Amino acid sequence: MYTKLCAAISKLALQLATVGLAVIIIAVLYQVFGRYVLNDTPTWAEALAMLLVLYVTMLGCAVGVRDAGHIGLESFLVLAPEKLRLKLEVLIHALLVIFGAAMVYNGIYLAHSVWNYNIPTLGLPEGLNHVPIALCGGLMVLFSIEHIIATIKGTEVEPAWH
């Protein structure tokens, strides 16, 4: 059941990142069109694109952790004996849990500290720039726990894009 929940969350994150990427493209195209055709640059388009880049990147990062697309020493793990390899995989994901928890804590702290300020051209709280850090960290914690459970059970986590 936990795996199904993580798979659904991961797939949703991937879909949201895809939509966000499409909106980034539209915003940048509109900005270029406004600048060179209308001779009136829409200032909100750049700020929106920059905000969405944070969300797309962080959602993609979290999905990458679940799909085991993060940087790893795969060649070292393949050469290690089976018992050591399993322990190292659990350790790697436990370290990712700690890192993700730190991202959650610091992301919330940063968002809270600047929430009362606005992004000038969007009129949205500045704290929205830091929410993706906390969101990504929380998803990394969920997905790393899923990997630890799968490693202990001797199963694999199926990627979200299947």
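For this structure, a couple of remarks:
- Scanning the range 1-51 for residues that are of a type in the set (Val, Ile, Thr) and either in contact with a Phe, Trp or Tyr (Cβ under 7 Å, 6 or more places away or on another chain) or within 30 Å of Pro159 (Cβ to Cβ) (or both) returns Thr3, Ile9, Thr18, Val19, Val23, Ile24, Ile25, Ile26, Val28.
- Out of Ala94, Ala102, Ala134, one residue alone is assigned to a helix (DSSP H, G or I), under 16 Å from the mean Cα position of the chain (by Cα), in contact (Cβ under 8 Å) with a residue 24 or more places away in the chain and loosely packed, with under 15 Cβ neighbours inside 10 Å. It is Ala102.
For (1) among the small types (Gly, Ala, Ser); (2) without any contact (Cβ under 8 Å) to a residue 12 or more places away in the chain; (3) closer than 27 Å to Pro125 by Cβ; (4) touching a strand residue (DSSP E or B) at 6+ places or on another chain (Cβ under 8 Å), each residue gets a yes or a no:
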| position | (1), (2), (3), (4) |
| --- | --- |
| Thr3 | no, no, no, no |
| Cys6 | no, no, no, no |
| Ala13 | yes, no, yes, no |
| Phe33 | no, yes, no, no |
| Asn39 | no, yes, no, no |
| Pro42 | no, no, yes, no |
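- Neighbours by Cβ (under 9 Å, 6+ apart or cross-chain): first from the range 148-162, closer than 11 Å to Ala68 by Cα and loosely packed, with under 11 Cβ neighbours inside 10 Å; second at pLDDT 90 or above and aliphatic (A, V, I, L, M): Glu156/Ala150
- Condition met for Leu142 (under 23 Å from Ile25 (Cβ atoms), touching a residue at least 40 places away in the same chain (Cβ under 8 Å), out of contact with any Lys or Arg (no Cβ under 6 Å at 6 or more places or on another chain) and part of a helix (DSSP H, G or I)): no
- Selection count where residues are touching a helix residue (DSSP H, G or I) at 6+ places or on another chain (Cβ under 7 Å) and in a loop (DSSP other than H, G, I, E, B), scope the range 26-60: 3
The values are calculated or read from the model by the stated rules, or taken from the named source; none is laboratory data. Because the structure is predicted, anything quoted here is derived from the model rather than measured. A quick note on method: Cβ atoms are made from the backbone with ideal geometry, for glycine too, and the neighbour counts reach across all protein chains shown.
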